[in-house]
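Undergrad: Handing you this structure, nothing more for now.
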Amino acid sequence: MANAIKVRSKIEGDVALIRLLISHPMETGLRKDTEGQLVPAHFIELLTITYQDRTVLSAQWGPAVSRNPYLAFRFKGAQKGEKLRITWVDNKGESQTDEAVLE
Amino acid sequence: MHCVNSKLVCTLLLIGWFGSAMAGEDATVDAERLQDALRRSFSGATPEEWKTRVEQDRNQTLCSRYRNAPPPDIAAAISAEALSSVRYPESNKLLGDWKKGEQLAMISGGGQVSRIVPDPAGTRRGGNCFACHALSVKEVAAGNLGPVLTGFGKARGTSTETVRYTYEKIYNAQAYFACSFMPRFGHNGWLTPDQIADLVAFLLDPQSPVNR
Amino acid sequence: MTSFASMWPRLLLALLLPCLWCIVARADDAQDARTREEINKYREMLQEGNPAELSEARGEELWTTRAGPRNATLEQCDLGLGPGKLEGAYARLPRYFADTREVQDVESRLVTCMVELQGLTREQATRGWYQANSDMEGLVTYIAGKSRGASIETPQVHPAERDMNALGNALFFRRSGPLDFSCATCHSQPDRRIRLQEVRDLLLPEDARIVLTQWPAYRVSQGQVWTMERRLMDCMRQMRWPEPGYLSEALIALQVFLQKQAAGGVMQAPGIKR
Amino acid sequence: MKQDRRAFLRLVSLMTAAGMLPRLAHAETWNQAAFAAKSVDDVVKLLGGSAPQQSDQVILNGPEIAENGAVVPLEISSKLPGTESIAILIEKNPNTLAATFNIPPGTLPDVQTRVKMNETCNVYALAKSDGKFYYAAKEIKVTLGGCGG
């Protein structure tokens, strides 16, 4: 899906407030579908966010993170126009990388 | 017994017939048009689903027509008929097991029809009482569509009148309040007389969390 | 059965008992208010990032992407304000359309466009409409988002529009099924809750506006955006009515009635709901 | 020495940018054991700590009642100097550890996200500051929201 990561950024002084929305089912492996079958676990395990060339946040997630995950955090030394790079890898080995320009 | 019943029934029909003429057929849309729209919209319903979930009985027709506020004479006839239709447990024991009652009060699912979200097999029906009533203090997620029933038994005691009244009210709430929003659990066969007796116990038994 | 005369004492008793309940009721108001306060905090914290934005983005892409046998986009679809006109269109639906000679809501109108412009069959256009990330979810969320800030103003000009409003009104009050439910059972009194869930009084304009301006909405419990038809269909499931057909007259008529109740409400969709 | 180091860093960043070092960019591998642990103490051990201390420098902001356990909004932050990482633990979830966040220098130790809760229970915000673990805890009630359909 083309726009599976939506990034909102706001810079105050040199602190950037980043808000992410990632399109991902985050299945726990414990949920049953309408036919009563268990839906296999499918969740993001690793998330890495880099700004220029330094990692500004890296996270490890389990299936308890909600579906279509939301994440907000702040880091210093940010400038408008610079690129933020977001990469996630899930338990199926699927991965997605997206870039966003800081507003 | 029959004569009373039949007299009641004919007064109801008379009033019903009169009533609707006076208050004017559902001024919004005529019955023919409504039936047509229902038939097309619920064309996927099985004959059984159509009969038990779309077709209206006399009570539903009257309450819908009068927007649940029937004139006094019709209201009295509705309540009289409702009270006379109450069926009691064979054992004639109207105060059952409050623990089973508490279970029933919690169960909200069951008896639903959906192709998109079908009821899982074996889903039990219950009273879903917490949806509308505050009952035990520890259940925070209680509704307020119906009156607070916390301490119901403590306030009333368990005299035979109170037990009977509580049983009849759950069996067919309209026996005491015509066109009440409360479902006619017993009358519609949603809950059995014995299940209703368990709910009565949940409300009245001093040990029940409702009265603790 | 006992005669009417002997039932009289019990009826008298019945009249006294209800008033006993009101004494018991007041004691729990404090706990009620605290619960409500905490639930509002929960809802406020959710407003921050609404995953419906992901559906909006998908919807915009679908609106502008060529598809179907005719390899066409939906950009010429007329939602009532003219081909391709999106701003404020959702806030003025359902309405009568001369080309189909029917009163249509946003979902039935989109299906008309998918069939007429893109050459899809009706079955293709509606297949899996209720599933997460479906085309319909994306498109409806995107279109509703284009009405943010617009006031709800549905026409009652054409006879068919008035007829559908009357039909919606009748359905709203029509009690049927094993629990004797109608929409009015839950939605015709102010300040009412089912468990902790407000069930607004849709006969009260200001309450109706609060509700109708937030749908379609991302439902956290389902992890997807629900359109208004999906919302009404699930109400009927819980009312123990049968499941109506998608795009059926009953669902559109109810929307005509409800939008009229919410006239003047400023759209904030897509909302985020439990 | 400094010269070589800067040259090396530039080389690494070029290779990363060119995607030639994807695994390296993800130096971490998923801490399977920690995410399988069933208690707060086990999780802390598997995150390399022991006997976490309660501290009011760790702040867990969340609702007291969540209308639906599928999405419980939380904000966790730490005022402890040199906070290296923050984690969310949910006591009665099938797996206690929900998420961990590494906080590099320059990033504020303050994260908002949403988690699933299986039932009413204590939620822990765990912060690691120069090798030691500190926590704040709060009970969050998960109610059966809606009409219980």
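FYI, it's all coordinate maths here, none of it is from the lab. Treat the numbers as computed from the prediction; the structure is a model and nothing was measured. Quick reminder, even Gly has a Cβ in these numbers, built from the backbone with ideal geometry, and neighbours come from all protein chains shown.
Undergrad: Could you derive backbone 3J(HN,Hα) for the range C:94-109 from the dihedral phi with the Karplus parameters 6.51, -1.76 and 1.60 (θ = phi - 60°), listing whole Hz in sequence and x where the residue is Gly or Pro?
TA: Going residue by residue, I get x, 8, 7, 10, 5, 5, 9, 6, 9, 7, 10, 9, 4, 6, 5, 5 Hz, with x marking Gly and Pro.
Undergrad: Using Cα centres only, tell me the gap between the range B:145-199 and the range B:45-116 in whole Å.
TA: After rounding, the separation between the Cα centres reads 11 Å.
Undergrad: Considering only C-alpha atoms, what is the centroid distance from the range D:36-74 to the range C:73-91, in Å?
TA: What the calculation gives is 48 Å, centre to centre.
Undergrad: Shifting gears a bit: For the range C:117-138 and the range A:1-38, what is the separation of their C-alpha centers, rounded to whole Å?
TA: 23 Å
Undergrad: List A:102, C:171 from most exposed to least, where exposure is judged by having the fewest other Cβ atoms within 10 Å.
TA: Final ranking by Cβ density, sparse to dense: A:102, C:171.
Undergrad: Using the Karplus equation 6.51 cos²θ - 1.76 cosθ + 1.60 (θ = phi - 60°), what ³J(HN,Hα) coupling, rounded to whole Hz, does each residue of the range A:75-80 give in order, writing x for Gly and Pro?
TA: 9, 9, x, 9, 10, 4
Undergrad: Quick one: which residues, 5 or more positions from residue C:181 or on another chain, have an amide H under 5 Å from its amide H? H modelled 1.01 Å from N in the peptide plane, none for Pro or chain starts.
TA: C:176
Undergrad: How far apart, in nm, are two points set 7 Å out from the Cα along the Cα-to-Cβ line at residue D:92 and at residue A:80?
TA: Label at residue D:92, label at residue A:80, 5.0 nm between them.
Undergrad: Here's a follow-up. Under 5 Å between amide H atoms, partner at least 5 residues away or on a different chain: which partners does residue D:133 have, H built in plane at 1.01 Å?
TA: Close amide H contacts, sequence-distant or interchain: D:50, D:53.
Undergrad: What are the residues whose amide H is under 5 Å from the amide H of residue D:85, where those residues sit 5 or more places off or on another chain and H is modelled from the backbone?
TA: D:103, D:128
Undergrad: Given a Förster radius of 51 Å and the C-beta distance between residue B:30 and residue B:121 as r, what FRET efficiency does 1/(1 + (r/R0)^6) yield to the nearest 0.05? The partial results should precede the final answer.
TA: Details: r = 41 Å, r/R0 = 0.81.
Step by step, r from the Cβ atoms, then E = 0.80.
Undergrad: Excluding residue B:141 itself, calculate the net charge of residues whose Cβ lies under 10 Å from the Cβ of residue B:141, where each Lys or Arg counts +1 and each Asp or Glu counts -1.
TA: Values: positive: C:193, C:195, D:141; negative: B:139, D:67.
Charge balance near residue B:141 sits at +1.
Undergrad: Could I ask something else about it? Under 1.5 on a/c is rounded, so check that first for chain B, then, if it is not, pick prolate when a/b is larger than b/c and oblate when it is not; a ≥ b ≥ c are the square roots of the alpha carbon gyration tensor eigenvalues.
TA: Taking the square roots of the gyration eigenvalues as a ≥ b ≥ c, chain B is oblate.
Undergrad: May I ask you to sort B:124, C:109 by Cβ crowding, counting other Cβ atoms within 10 Å and putting the fewest first?
TA: B:124, C:109
Undergrad: Which value in nm describes the separation of the simple spin-label points at residue C:115 and residue B:40, placed 7 Å from the Cα toward the beta carbon?
TA: Those two pseudo-labels are separated by 1.3 nm.
Undergrad: Report the relative contact order of chain C, percent, no decimals, based on alpha-carbon pairs under 8 angstrom and at least 6 residues apart.
TA: Relative contact order here is 21 percent.
Undergrad: Springs between alpha-carbon atoms under 10 Å, Gaussian network over chain B: tell me which of B:70, B:193, B:118 tops the mean-square fluctuations.
TA: For chain B, modelled as a Gaussian network with Cα springs under 10 Å, the answer is B:118.
Undergrad: Just tell me how shielded B:175-188 is by partners: mean number of partner chain Cβ atoms within 10 Å of each residue's Cβ, no decimals.
TA: On the way: counts 4, 7, 2, 0, 2, 2, 11, 3, 8, 3, 3, 0, 2, 5.
The shielding value for this peptide is 4.
Undergrad: Two decimals is fine: what's Rg over Rh for chain C, C-alpha atoms, Kirkwood radius as Rh?
TA: 1.06
Undergrad: Using unit Cβ charges (K, R positive; D, E negative) and no other charged atoms, how large, in debye to the nearest 20, is the dipole of the range B:98-211 about its Cα centre?
TA: 100 debye
Undergrad: Let me check against my output: what whole-number percent is the relative contact order of the range A:5-101, with C-alpha pairs under 8 Å and at least 6 apart?
TA: Relative contact order, the range A:5-101: 30 percent.
Undergrad: Starting at the first residue of the range B:112-122, write each ³J(HN,Hα) from the Karplus equation 6.51 cos²θ - 1.76 cosθ + 1.60 with θ = phi - 60°, in whole Hz, x for Gly and Pro.
TA: Computed from phi, the couplings for the range B:112-122 are 9, 10, 7, 7, 6, 10, x, 4, x, 4, x Hz.
Undergrad: Principal axis lengths of the protein assembly as shown from Cα atoms, whole Å, largest first?
TA: Computed over the Cα atoms, the extents are 110, 66, 43 Å.
Undergrad: Using the Cα gyration tensor of the range A:1-55, with a ≥ b ≥ c the square roots of its eigenvalues, what is the shape: rounded (a/c below 1.5), prolate (a/b larger than b/c) or oblate (neither)?
TA: Prolate.
Undergrad: Quick one: order C:103, C:211 by neighbouring beta-carbon count within 10 Å, fewest to most.
TA: With the sparsest Cβ surroundings first, the list reads C:211, C:103.
Undergrad: With springs only between Cα atoms under 10 Å, which of C:194, C:252, C:152 fluctuates most in a Gaussian network model of chain C?
TA: Answer for the Gaussian network model of chain C: C:194.
Undergrad: Decide, for the range C:85-134, between rounded, prolate and oblate: order the square roots of the alpha carbon gyration tensor eigenvalues as a ≥ b ≥ c, take rounded if a/c falls under 1.5, and otherwise choose prolate if a/b is larger than b/c, else oblate.
TA: Oblate is the answer for the range C:85-134, as a/c is 1.5 or above yet b/c matches or exceeds a/b.
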